[in-house]
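Visitor: Structure below; questions to follow.
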Amino acid sequence: MARYVFITGGVVSSLGKGLASAALGALLQARGYSVRLRKLDPYLNVDPGTMSPFEHGEVFVTDDGAETDLDLGHYERFTGVAARNTDSISSGRVYTNVLEKERRGDYLGKTIQVIPHVTNEIKDFINIGDDEVDFMLCEIGGTVGDIEGLPFFEAIRQFAQDKPRGECIFMHLTLLPYIAASGELKTKPTQHSVKELRMIGLQPDVLVCRSEQPIPTKEREKIALFCNVHKDSVIAAPDLKSIYEAPIAYHREGLDQAVLDAFGINAAPQPNLAIWNDVADRVFNPEGEVKVAIVGKYVQLEDAYKSIAEALTHGGMANRVRVKIEWVDAEQFDDKDPTPFLQGYHAILVPGGFGERGTEGKIKAAQFARTKNVPYLGICLGMQMAVIEAARNLAGIASAGSEEFDHEAGGKRFEPVVYHLKEWVQGNHKIRRKETDNKGGTMRLGAYSATLSEGSKVAEIYGSTQIEERHRHRYEVDTKYRDQLEKCGLKFSGMSPDGRLPEIVEAIDHPWYIGVQFHPELKSKPFDPAPLFKDFIRAAKDNSRLV
Ligand code: GLN
């Protein structure tokens, strides 16, 4: 049976609940416990898959093909536990399940209500895998008081009530604003937030207070008194220079101890923080710096490429360099020479994306990297752009393009070097898609194997010819052009096991030019960087000595 920590937030959003949850997971692991983290999101989308990155940041894809919240990326990066489809749920999914059951007649003629039907659905979800781990950490999205969050708060209240006493605790994140004029940290918003929680039957056991300043004893005592928590369970969460400091910083503030105390666990082993000390040492003591340009479309919102930015940082840590990421909007040079925008970077990365906007700029960035010998990593759309670039500029297919852009614009303008995949194999299953399919959840999603060519650069980087990486796309490079492109030096060095789908391309006469149809950033960890990112930054570092 797992013990449950429910993590809620108040006062304002973006307090770093996801990070606090992930850091707590890492600390419990460091004490020898097994953990799983889960996110419950009150919004009405069935999953974030159909939301624009501008709305929601990156969509994090799990091995089993779920499109989830980016917080699941934090969870994986800090705990190394691969998230599953059953670790992310939204109101949209809950209501879809309830309404499907209602249509099937599962409720035997009952009136369907938020309590108990919706809350039961949420409770069943929370309970999945109860016997697999020591601790289940469940984060509720949004802030207390949100109308749409109410069924979730009610469900966790009931859940804790249903379980034997002492198996569930509540941790609440709040903000202590600092008023410069009076030089004070204000506790009132925290008091109000806890009052709001208590009104719906939830008493927090641990309070995590974000503040720019250390919390003076007087304020700590005041919070403890007014919020009905133990003084040692008021945990300060100061602003950090790097998120990878979080486990150590939270341990220093006593978070894991407060959680164990709340459960009444007295004999927990001391944490082994060696991994996190090493991670922090690598973050804070780099021996140099490399500058990497991410040439994309969603560059105003860095969360849109969260895992890529983190994976680059991990690659930097492995090579003991700081990675300075600069976000370059591809649209700026759709119809211009990209040189003024791209020169001076030690490496160029073109990330995933959807739709035609900015793609001519990305194709130019691929060409710039190829012809100027700048290390290039193309991810998903970034690989497709590299292939189109080579088709146009090396193989002489002047109108090479992707069917995605023709579908969007209507009409046929491009020779489809990248085409819409309608049928493929996953494990033992054949999957079929139509143009008219729903947008949600219908891409090639989740982990797929790839076979790498012996002697290729990627086989050397991975140290293997069999890999598994996560996908999220509708379109594929057409093998019809393989011979033509390989003759020009763009090798198809990774293929799906049935040989039908190109997974990796690499330019042979280039120091480092690789395109991958999958998302290697999703599996990267600070203590176990994704091989491609590690080597990409090594190449950037080599290049920085030349530039
Ligand atoms: N839009 C492209 C496709 O669907 C690429 C997707 C991506 O980069 N994730 O194939």
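What follows is calculated from the coordinates using simple rules that are stated; it is not laboratory data. Keep in mind the model is a prediction, meaning the values are calculated, not measured. All Cβ positions, glycine included, derive from the backbone under ideal geometry; neighbour counts span all protein chains shown.
Visitor: Given Cα pairs under 8 Å that are at least 6 residues apart, what percent is the relative contact order of the chain?
Guide: RCO, the chain: 15 percent.
Visitor: Sticking with this structure for a sec: P(r) tail for segment 95-236, what percent of Cα pairs lie past 24 Å?
Guide: 43
Visitor: Can you grab the distance from the C-alpha centre of segment 123-137 to the C-alpha centre of segment 76-110, Å, no decimals?
Guide: 14
Visitor: Any idea what diffusion coefficient segment 86-173 gets from Stokes-Einstein, in µm²/s, Kirkwood Rh on alpha carbon pairs, 4 °C, 1.567 mPa s?
Guide: Translational D for this selection: 92 µm²/s.
Visitor: At a Förster distance of 41 Å, what's the computed FRET efficiency of residue 213 paired with residue 399, Cβ-Cβ distance as r, to 0.05?
Guide: FRET efficiency, residue 213 to residue 399: 0.10.
Visitor: Hey, another quick one. Hey, what's the Cα Rg ratio for segment 368-439 versus the globular rule of thumb, 2.2 N^0.38 Å?
Guide: Rounded to two decimals, the normalised Rg is 1.34.
Visitor: Same structure, new question: Would you give the gap between the C-alpha center of segment 386-424 and the C-alpha center of segment 206-234, rounded to a whole Å?
Guide: Using only Cα atoms, the two centres lie 59 Å from each other.
Visitor: On C-alpha positions alone, give me the angle between the axis of helix 217-227 and the longest principal axis of the chain, in degrees, nearest 10.
Guide: 80
Visitor: If the reach is capped at under 19 angstrom between alpha carbons, list the lysines near residue 491, excluding any in the same chain fewer than eight residues apart.
Guide: Filter leaves 372, 457, 480.
Visitor: In µm²/s, what is D for segment 388-547 at 25 °C and 0.890 mPa s, where D = kT/(6 pi eta Rh) by Stokes-Einstein and Rh is the Kirkwood radius from Cα pairs?
Guide: 144
Visitor: Could you compute the net charge surrounding residue 450? Neighbours are other residues with a C-beta less than 10 Å from the C-beta of residue 450; K and R count +1, D and E count -1.
Guide: -3
Visitor: Continuing with this model, one more query. Taking the Cβ of residue 214 as the center, what net charge do the other residues with Cβ under 14 Å away carry, scoring Lys and Arg +1 and Asp and Glu -1?
Guide: -1
Visitor: Next up: Mind putting together the pair-distance distribution for segment 160-241? All Cα pairs, 10 Å bins, whole percent per bin, short to long.
Guide: Spelled out per bin, shortest first, that is 18, 49, 25, 7, 1.
Visitor: Also, I was wondering about something else. With Rg and the Kirkwood Rh both taken from Cα atoms, where does Rg over Rh land for segment 351-409?
Guide: 0.95
Visitor: Hey, another quick one. Using DSSP to call loops (not H, G, I, E or B), can you name the trypsin sites (Lys or Arg not before Pro) in segment 83-150 whose Cβ has at most 13 other Cβ atoms within 10 angstrom?
Guide: 110
Visitor: Over all distinct Cα pairs, what is the inverse of the mean 1/r for segment 207-287, reported as the Kirkwood hydrodynamic radius in Å?
Guide: 14.1
Visitor: Follow-up question, since we're still on this one. Stick to Cα atoms and the Kirkwood definition of Rh, then tell me Rg/Rh for segment 215-349.
Guide: 1.15
Visitor: Here is a further query. Compute the acute angle (0 to 90°) between the alpha-carbon long axis of helix 359-371 and the principal axis of greatest extent of the alpha-carbon atoms of the chain; round to the nearest 10°.
Guide: Helix 359-371 and the main axis of the chain meet at about 70 degrees.
Visitor: How big is the chain on each of its three principal axes, counting only the C-alpha atoms and giving the largest first in Å?
Guide: 74, 63, 43 Å, listed from the longest principal axis down.
Visitor: Using the Karplus equation 6.51 cos²θ - 1.76 cosθ + 1.60 (θ = phi - 60°), what ³J(HN,Hα) coupling, rounded to whole Hz, does each residue of segment 376-382 give in order, writing x for Gly and Pro?
Guide: 10, 10, x, 10, 6, 4, x
Visitor: With charges set only on the Cβ (+1 for Lys and Arg, -1 for Asp and Glu), what does the dipole of segment 164-246 come to about its Cα centre, in debye to the nearest 20?
Guide: The calculated dipole for segment 164-246 is roughly 240 debye.
Visitor: Right, here's the next one. If packing is taken as the average number of other Cβ atoms within 10 Å across a peptide's residues, how do 154-165, 373-384, 175-186, 444-455 rank, most packed first?
Guide: Those peptides, ordered most packed to least, come out 373-384, 444-455, 154-165, 175-186.
Visitor: Let me ask something else about it. R0 = 41 Å: FRET efficiency of residue 335 with residue 431, Cβ-based, nearest 0.05?
Guide: Result of the calculation: an efficiency of 0.60.
Visitor: Under a Cβ-Cβ cut-off of 13 Å, what is the net charge of the residues other than residue 525 that fall near it, where Lys and Arg count +1 and Asp and Glu count -1?
Guide: Neighbourhood net charge equals -1.
Visitor: Could you work out [θ]222 nm for the chain from helices alone, using -39500 (n - 2.57) per DSSP H run of at least four and dividing by all its residues? Round to the nearest 500 deg cm²/dmol.
Guide: It lands at -10500 deg cm²/dmol.
Visitor: Using a Förster distance of 35 Å, how high is the FRET efficiency between residue 466 and residue 277, based on the Cβ-Cβ distance and rounded to 0.05?
Guide: About 0.55, to the nearest 0.05.
Visitor: Which of the lysines could a cross-linker bridge to residue 523, judged by Cα under 17 Å and excluding same-chain residues fewer than eight apart?
Guide: Residue 523 reaches 306, 534.
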